[in-house]
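Everything on this sheet refers to the single structure shown next.
The values are calculated or read from the model by the stated rules, or taken from the named source; none is laboratory data. Since the model is a prediction, treat every value here as computed from it, not as a measurement. Please note: Cβ atoms are built from the backbone with ideal geometry, for glycine as well, and neighbour counts cover all protein chains shown. All accessible areas refer to the heavy atoms of the entire protein, side chains included, with ligands and DNA or RNA removed. Shrake-Rupley method; radii C 1.70, N 1.55, O 1.52, S 1.80 Å.
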Amino acid sequence: MPQASRRTVIGVTAGALAGLAAAGPSALAAGLGRAASADGHRPPATDLKPFDEVYRGRRIQGAPTGTAGHHGAHGAHGGHGGHGGQAHDFGYRVTVDGEELHVMRNADGSWISVVNHYETYAEPRALARAAVVELQGAALVPLALA
Amino acid sequence: MTVRKNQADLTRAEKRRFVAALLELKRSGRYDEFVDIHNGFIMGDTDHGERVGHRSPSFLPWHRRFLIDFERRLQEVDPSVALPYWDWTVDRTPTASLWAADFLGGTGRTGDGKVMDGAFAETSGSWSINIRVDQRPFLRRALGSGRRGLPTRAEVDAVLAMPVYDASPWNSASSGFRNNLEGWRGADLHNRVHVWVGGQMTTGVSPNDPVFWLHHAFVDKLWADWQARHPRSSYLPVEPTRNVVALNDTMRPWNDVTPADMLDHTPYYTYDG
């Protein structure tokens, strides 16, 4: 493993601050980078309705981004594709108490999030509610590209 | 030679040495490198974009290499250690010895999911969760609290009987052995186990829970078992295919290893049965 990665992680540990999910650029992370690849086959999410509700004391909001099918900043973030929360635009944005919940859409149209990554949900509101249950009151760590 | 054993057959000394090696990798910072890599790939692997570690044919060879790297790191600490595997078709309850305080510790407490016993509990002071998706810096679990139980042997056998490795569109919508094992289709084997454990195991930073390695060692063993049952079935795709890793393409982040290089695990380790 490159030293840079370990040093970065240790630095993050010492920092003990929010934003830990983004462990910073490293030689390994650079290896995660990928070229932009427009595919045009992403299922449309712009037809999904927005929502805004308080669920178990957390405000969850979701809305189409209006850019479904585009790759947004894909490939334009210094090769640090690994933590690319913003690198993939699935056409819909979800927040919990204002913090972005990273979501992905599956080929069959179902959804997963960074919190529930191995279990699919039919639509973003159910996904957001599942995240609230899993978070048990904890705040999401902001997803940030290094 | 590295022999990976069923975790239920480990001696107390073997458990102790495995746990000690994990703690040393955590202390040195090397452990979190693996969490970071896994999270990066799971966030980046998409059904309609480039995909390497998940939802794609190279799910199995990618994790095989990932585990080999990790096992080597453990062996740098203690050459006697090998990755154990967790046969979740047999050890299927939160009372299994896997979850005892002398091994991985048990389920999390009500309220915040915090694991309260064993070497990986927050109270031990040696297992902080640094690469994370929310603010909680401690290991969490919710063993068996989800909607579904662990996969059964019959469900595993049905997937092992599938003769075709993978199929177009080579993602979470595919038919075939790989996707049924990964769990996006059919009975759902691998994904369901992540959900059953709960806590960090349900997230992209799942390697924060050391059971990740035991789970994936068993998934890896199932791939080897499938190969033995279907000696004429090849890794697919063989020909270069857009956005996915074909048989002779190299895999990131290593860029020096192909699925073909990973088809035979026996130069690296063997399984006990």
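Can you confirm whether the range B:169-191 contains a residue that is open to solvent by 10 Å² or more (accessible area, probe 1.4 Å) and either β-branched (Val, Ile, Thr) or at pLDDT below 95 (or both)?
There is no residue in the range B:169-191 that is open to solvent by 10 Å² or more (accessible area, probe 1.4 Å) and either β-branched (Val, Ile, Thr) or at pLDDT below 95 (or both).
Output the residues belonging to the range B:64-85 that are open to solvent by 10 Å² or more (accessible area, probe 1.4 Å) and within 21 Å of B:Thr202 (Cβ to Cβ).
Selection gives B:Tyr85 alone.
Please state which one of B:Asp157, B:Asp134 is of a type in the set (Asp, Glu) and within 24 Å of A:Val132 (Cβ to Cβ).
After applying the criteria, what remains is B:Asp134.
Looking for something out of contact with any Asp or Glu (no Cβ under 8 Å at 6 or more places or on another chain) and in contact (Cβ under 8 Å) with a residue 60 or more places away in the chain - is there at least one such residue anywhere in the range B:137-146?
No, the conditions are met nowhere in the range B:137-146.
So which of B:Trp223, B:Trp254 is surrounded by fewer than 17 Cβ atoms within 10 Å (Cβ to Cβ) and touching a Lys or Arg at 6+ places or on another chain (Cβ under 9 Å)?
B:Trp254
Could you run through the range B:88-103 and say how many residues are of a type in the set (A, V, I, L, M) and more than 22 Å from B:Ala13 (Cα to Cα)?
Number satisfying all stated conditions: 1.
Those residues that are of a type in the set (A, V, I, L, M, F, W, C), at the interface with chain A (Cβ under 8 Å from one of its Cβ atoms) and part of a helix (DSSP H, G or I), I need them from the range B:171-200; list them, please.
Across the range B:171-200, the qualifying residue is only B:Val195.
Rundown of residues vs (1) touching a helix residue (DSSP H, G or I) at 6+ places or on another chain (Cβ under 8 Å); (2) closer than 30 Å to B:Ser174 by Cβ; (3) β-branched (Val, Ile, Thr); (4) modelled with pLDDT under 95, yes/no style:
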site	(1), (2), (3), (4)
B:Thr2	yes, no, yes, no
B:Glu14	no, no, no, no
B:Phe18	yes, no, no, no
B:Lys26	yes, no, no, no
B:Leu74	yes, no, no, no
B:Thr89	yes, yes, yes, no
B:Trp99	no, no, no, no
B:Asp112	no, no, no, yes
